[in-house]
Amino acid sequence: MSGSRHTRTLLLADIRTLLGEPSVLVRPEQLRTYECDGLTNFRVVPTAVVLPTNAEQVQEIVRLCHRDGVPFVSRGSGTGLSGGALPVEGGIVISLARLNRILEVDIPNERVVVEPGVINLHVTQKVAPYGYFYAPDPSSQSVCTIGGNVAENAGGAHCLKYGFTTTHVLGLEVVLSDGSLVTLGGKAPDTSGYDLCGVFVGSEGTLGIATKVTLRIVRRPEVVQTMVAAFHSTDAAGEAVSRIIAAGIVPAAAEMMDRLSLQAAEAAVHAGYPNCECLLLVELDGVAIEVEVLVAQVKEICSACGAFETRLARSDAERAAMWKGRKAAFAAMGRVSPNYIVQDGVIPRTALSAVLREIERMSRDTGLRVANVFHAGDGNLHPLVLYDRRIEGQEHRAEHLAAEILKLCVRTGGSLTGEHGIGVEKRDFMPEMFAEPDLATMQRVRIAFDPQSLSNPGKVFPRPRLCAERPGPYEPHPLETAGVAELF
Amino acid sequence: MQREIAHIVGTDFIRHVSDADVIDGVLPKFVVEPGTPSDVSRVLAIAHDRGWQVVPRGGGTKLGWGNSPRAADVVLSLCRLDRVQEHAPGDMTATVEAGCTIAALQETLAQRGQRLALDPLWPGRATVGGVLATADSGPLRWSFGPPRDLVLGVTVALADGTLARSGGKVVKNVAGYDLPKLLTGSFGTLGVITQATFRLHPLPAAVRHLTFTLDAASVGAFIAAMRECSLATAAVQIRAGTEMNALAYVRVEGLPEAIEAKAEQVMQRANAAGADVSAAHAPAEDWSARERLFEDLEPTSLVCKIGIPPAESQHLLSLLEREASQDVRWRLVFQAFGVGVLRLELREPERSVVDRLRSRLAEFGGSLVVLACPAGMKPDANVWGEPGDALELMRRIKQQFDPHSILNPGRFLGGI
Ligand SMILES: Cc1cc2nc3c(=O)[nH]c(=O)nc-3n(C[C@H](O)[C@H](O)[C@H](O)COP(=O)(O)OP(=O)(O)OC[C@H]3O[C@@H](n4cnc5c(N)ncnc54)[C@H](O)[C@@H]3O)c2cc1C
């Protein structure tokens, strides 16, 4: 599918001439780092990993791939959780990590222009002195790249109020799979033509490589108040979220954790949460006078729904501690289970109790524990299916349970994924959510952008498993083991 | 051909055209009003086979925008697909057919204390499909974003009759490509939207409208001041022009407990920026100023939409002052002012004025699209402006979605 060994040798020789020997990795020990992303049970060894430093080099590399019909996979930090950056057999990986300059900070126009390898958190750090922040805040924000965020349409706890990556990306420069460079959108709103910037965001690397991104930044709210409320059941906490929303309140964040995930988080980072079946974390921000009233309202709703304790963070340190436990939740799972699978399904918020009860039943039936951490405000669940690989057959049952949970989400009118993307992991579930004509319509877009399917082939769309993939056990991402998520 | 179509939609829903159906000087042959999405797709499949040119139509309020159609055989009216199919207040979403008017939708949503936080032109006549296709927005965009940020999913009938769903019904969803964004603003050239799902917002508990007058010189300072207190304003609209004082309308939304304080904050900022706040609480008669920019047009007027990076409004105003000193008369409405979107009317413009403005705007990243202009001027006016380096890619998308180019042929950027 991807040219002979001979063409690949020639291709690499040409790329070496372009980038210099050290920027083309081919030795097995060098390639190992790149054989998977955060979804570690899918692995493919790429032919080579190339490390360009600017857009012209990216363009030239892609032109060469196009000439030789060799597929390529772009990669940011490799923190993706759906196998988006999984290499393709016989293809090369183009790492964007060295395109890491913040090109322009335009405070009056509330824009920042960056290269794709810039780390998400660095954008906020750059503009914080001016009273601004970059709103999309994935839990991996201290390590993941803007390019990866664009490709996955990354979300975060604060997206409930502020919108997802797509709301904040106004312009892109994209290298298409034939090596041509196109400008989509820009600093000003409403440029003429189709909203291809909007189409590119969330396309998981299948429509080309973003080499420049224009971001919108947001003014910091006057005040931020963070609180946690402790409940005797997830039902009660879910009811509280529904009533908060029904009261017309749009929190900056509304996050829920059940007992199992609380135990793990507590063991890992000692967040000091109240001992309870379910914890609700609510953040409110805006104008001081208004937030004060809203905090009181939310407290009242929580109590009415059975919260036996509510705590308001009185300092930045307390606020950080409240968030720390939530943001460390995935990483902390290692404390309560040797292995686990993270899912990312979305449900209509009103289906929350029904779905949680059903998950509980499925968990009982399979004898596998499921921890629940989720963005309650927008119905984005992160069920964590816990298992022990050393026990014969458990992994298989865990995979099956995770899949059944996803199908359940779709059946309630929800989605397979709220922020992690389809990648390779969920591509075969796409027909659960979309009919054949729906998928064929997406393919039309794919063909217009990338007629030869060179850019990250085999992702998003359903297709049979590649033979070079070694399906293996789930392993914690190195970042989780290293506790990067605990940095928050 | 009428017989075949009548067979699908029924003889009552196919008719000959009248003067009211003329689009930019082009008279189509007949009007079809299908009653279901699948009938829409069946009509399209026939048109596709025969190569008939189709103009999808909602309320017909913005049919004049864009290039004149290259040809038009059939007007495909969505007027019978006008139901709000589902309002899920607990999930804050609604699914609605494309032919439902914005006002009718809002009325349904308001019964449960919610709204689509979008205030496009002519809500009483503009339909959901038409608003999405033209990506029209109003002052509320400042707080809630343009249509692309509010639409969650669409069902679309493609030129060949394929009926496809995209996006979803939940507020968060990244499964597959974001086709609702591709269709939003595509001016009916890629497919016919038959239904859309939106995310909703609560109706505000309290609202205040403030009105200020400004002299021309303080418009820039006023805009800067309003951006400073952005948390207190839900929407700001400013009118200015060569033959008038500038007028600003500010909408404040919030909790009853906080609304007065927020309004007070806006008043103070406005006052400090040189606005006359003495009649601030006079009734805000004029949110419809944008609409009037299209309605009381002189036959020789040209209306365009301008997008600029938000802090460049002063820059734009100086450009316009320079034009005024050359005797060019203009009126403008900053609609979503903090976003950088405005509408400008030029009276008796020479084509060179449009060209000159366009090239100056381009210097700071702005763009200009002609929406309405005197009869006969359009072919000349280069409605969409310079297409940029993505035009080839856009053509390939069009080719994939509508290979025989039957949907609104010629109307879009680059003659797509
Ligand atoms: C502990 C942990 C917590 C996480 N929390 C969240 C969370 O809260 N919210 C969330 O949304 N995600 C979360 N993630 C997932 C992940 O961090 C995001 O998907 C992130 O956007 C990936 O960025 P990356 O730089 O690591 O991209 P990679 O993993 O390297 O790549 C992701 C995809 O982007 C493509 N890509 C990369 N760069 C480009 C480019 N320049 N142009 C085109 N395509 C490109 C790749 O081909 C791939 O398909 C988490 C992951 C971990 C490990």
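For the pair the stretch B:71-107 and the stretch A:196-266, the centres of their Cα atoms are 29 angstrom apart.
Computed from point charges on the beta carbon alone (+1 for Lys and Arg, -1 for Asp and Glu), the dipole magnitude for chain A about its Cα centre is near 620 Debye. Residue B:207 label point, 7 Å along Cα→Cβ, cut-off 15 Å on backbone N: hits in the stretch B:219-249? Taking a point 7 Å out along Cα→Cβ of residue B:207, the residues of the stretch B:219-249 whose backbone N falls under 15 Å are B:233-237, B:249. Express the relative contact order of chain A as a whole percentage, based on alpha carbon pairs under 8 Å and six or more residues apart in sequence. Normalised by residue count, the contact order of chain A is 17 percent.
Per the Debye formula on identical point scatterers at the alpha carbon atoms of chain B, with no solvent, log10 I(q)/I(0) at q = 0.08, 0.10 Å⁻¹ is -0.45, -0.71.
Amide H contacts of residue A:212: A:173, each under 5 Å away and 5 or more positions distant or on a separate chain (H built 1.01 Å from N in the peptide plane; Pro and chain starts excluded). Binning the C-alpha pair distances of the stretch A:223-331 at 10 Å intervals from 0 yields a P(r) profile of 16, 50, 30, 4 %, listed from the shortest bin outward. Could you give the angle, 0 to 90 degrees to the nearest 10, between helix A:55-68's Cα long axis and the longest principal axis of the Cα atoms of chain A? For A:55-68 against chain A, the angle is about 60 degrees. For the stretch A:223-331, a simple Cβ point-charge model (Lys and Arg +1, Asp and Glu -1, everything else neutral) yields a dipole of about 220 debye relative to the Cα centre.
Cα centroid separation, the stretch A:104-140 to the stretch A:23-38: 29 Å.
Under a 5 Å amide H cut-off, with hydrogens placed 1.01 Å from N, residue A:223 pairs with A:286, A:288 among residues at least 5 apart or on other chains.
Within the shell defined by Cβ-Cβ distances under 12 Å, the residues around residue A:310 carry a net charge of 0, with Lys and Arg each +1 and Asp and Glu each -1.
Between B:310, B:139, B:34, the Gaussian network model of chain B with springs among Cα atoms under 10 angstrom shows the greatest mean-square fluctuation at B:310. Sorting A:359, A:301 on solvent-accessible area from highest to lowest, probe radius 1.4 Å, gives A:301, A:359. If R0 equals 45 Å, the separation of the Cβ atoms of residue B:276 and residue B:3 corresponds to a calculated FRET efficiency of about 0.10. Using C-alpha pairs below 8 Å separated by at least 6 residues, the relative contact order for chain B is 16 percent. For the stretch A:5-95, the Cβ-based charge dipole about the Cα centre amounts to some 140 debye (Lys, Arg positive; Asp, Glu negative; other atoms uncharged).
Here the stretch A:5-95 carries DSSP beta bridges of which approximately 20% are antiparallel, counting only pairs with both residues inside.
Converting phi to 3J(HN,Hα) with the Karplus coefficients 6.51, -1.76 and 1.60 and the offset θ = phi - 60°, the stretch B:361-372 yields 4, 4, 4, 10, x, x, 9, 9, 10, 7, 9, 9 Hz in sequence order, with x at every glycine or proline.
Per-residue 3J(HN,Hα) values for the stretch B:112-120, derived from phi via the Karplus relation 6.51 cos²θ - 1.76 cosθ + 1.60 with θ = phi - 60°, read 10, x, 10, 8, 8, 7, 9, 10, x Hz in sequence order (x marks Gly and Pro). Sparsely packed loop sites in the stretch A:1-108 (the trypsin sites (Lys or Arg not before Pro) outside DSSP H, G, I, E and B with at most 15 other Cβ atoms within 10 Å) comprise A:98, A:101. Counting each pair of different Cα atoms once, what's the Kirkwood radius of the protein assembly as shown in Å, rounded to one decimal? When all Cα pairs of the protein assembly as shown are included, the Kirkwood radius is 28.5 Å. Taking the DSSP bridge list for the protein assembly as shown and keeping only pairs wholly inside it, about 90 percent are antiparallel.
Using the Karplus relation 6.51 cos²θ - 1.76 cosθ + 1.60 with θ = phi - 60°, the per-residue 3J(HN,Hα) values for the stretch A:260-273 come to 5, 6, 5, 4, 5, 4, 5, 5, 7, 10, 6, 5, x, 5 Hz, with x marking Gly and Pro.
The values are calculated or read from the model by the stated rules, or taken from the named source; none is laboratory data. Since we're looking at a predicted model, the values are computed, not measured. Here Cβ is always computed from backbone atoms with ideal geometry, including for glycine, and neighbour counts include all displayed protein chains. For the accessible areas, the whole protein counts, side chains as well, though only heavy atoms, and no ligand, DNA or RNA atoms are used. Shrake-Rupley method; radii C 1.70, N 1.55, O 1.52, S 1.80 Å.
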